[in-house]
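The values are calculated or read from the model by the stated rules, or taken from the named source; none is laboratory data. Since the structure is predicted, the reported quantities are computational estimates derived from the model, not experimental observations. Every residue, glycine among them, receives a Cβ derived from its backbone with ideal geometry; neighbour counts consider all protein chains shown.
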């Protein structure tokens with residue numbers, strides 16, 4: 001963070017600036033209220049191009065402008081109006097006086113000098129810084145979630161014109177397919193056996209005939225050998 005430190009006592013200003021750097025912050029230190037007031041002039045005019053402070057730690061009684069006057073002006077600067085502001089004082093102030101200063105000048109806390117030890121001061125200041133950040137976050141207006149516009153309606157399709165064209169019958173000739181011959185296999189009949197009948201072996205039928213087959217004599221064509229004349 002960047003810290004605005006305004007303190008007219010050089011020792012206190014150097015000590016606070018050194019602690020600011022040890023804690024990882026960047027100090028922007030001024031030695032009087034008048035110097036800080038002139039710096040605010042450059043901020044409001046747009047001449048200041050450096051980093052804006054995130055926290056302000058200032059003395060109350062200083063030459064020129066007082067710390068509470070600078071605090072009141074900071075609350076009017078758009079870029080600085082929400083930063084935590086802590087004032088330091090060597091004078092004893094009552095609880096009512098401190099609360100009135102917080103209310104009138106927009107101060108978040110007032111701490112007394114001499115300042116507490118190193119660790120205690122760090123705890124006190126960071127508690128004030130974190131509390132202020134929480135208050136700013138809680139009071140920030142909630143940005144409404146923008147709802148996207150509904151999609152444009154889709155135009156209806158144009159109606160199809162109706163024509164009085166008579167329907168055309170389409171005849172498709174399908175070639176007759178030749179029947180495929182199917183071979184039918186008939187299984188042989190299964191013989192049926194009648195369990196009540198007794199099967200007798202069948203005898204060959206004998207054909208009776210009274211006639212004896214006739215055998216016709218066929219003349220022999222074999223010639224007998226000639227007889228020997230010498231033996232007669």
- In region 63-83, how many are part of a loop (DSSP other than H, G, I, E, B), more than 48 Å from the chain's Cα centre (by Cα) and either on the phi > 0 side of the Ramachandran plot or surrounded by fewer than 17 Cβ atoms within 10 Å (Cβ to Cβ) (or both)? 2
- Query: Since residue 8 meets every condition but one in (1) in a helix (DSSP H, G or I); (2) in contact with a strand residue (DSSP E or B) (Cβ under 7 Å, 6 or more places away or on another chain); (3) more than 22 Å from residue 129 (Cβ to Cβ), which condition does it not meet?
  - Reply: (1)
- Query: Has region 119-132 got at least one residue that is in contact (Cβ under 8 Å) with a residue 40 or more places away in the chain, touching a helix residue (DSSP H, G or I) at 6+ places or on another chain (Cβ under 8 Å) and either surrounded by 13 or more Cβ atoms within 10 Å (Cβ to Cβ) or closer than 17 Å to residue 19 by Cα (or both)?
  - Reply: yes
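Can you go through 93, 88 and tell me which one is in contact with a strand residue (DSSP E or B) (Cβ under 7 Å, 6 or more places away or on another chain), modelled with pLDDT of 95 or more and either assigned to a loop (DSSP other than H, G, I, E, B) or under 23 Å from residue 24 (Cα atoms) (or both)?
Of 93, 88, the one residue that is in contact with a strand residue (DSSP E or B) (Cβ under 7 Å, 6 or more places away or on another chain), modelled with pLDDT of 95 or more and either assigned to a loop (DSSP other than H, G, I, E, B) or under 23 Å from residue 24 (Cα atoms) (or both) is 88.
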- Task: Any residue in region 95-114 that's over 11 Å from residue 85 (Cβ atoms): show its pairings with residues that are exposed (fewer than 13 other Cβ atoms within 10 Å of the Cβ) and at pLDDT below 90 at Cβ separation under 8 Å, as long as the two are six or more apart or on different chains.
- Result: 112/92
- Item | Selection from region 47-62 of residues that are in contact with a helix residue (DSSP H, G or I) (Cβ under 6 Å, 6 or more places away or on another chain) and in a loop (DSSP other than H, G, I, E, B) | 48, 60, 62
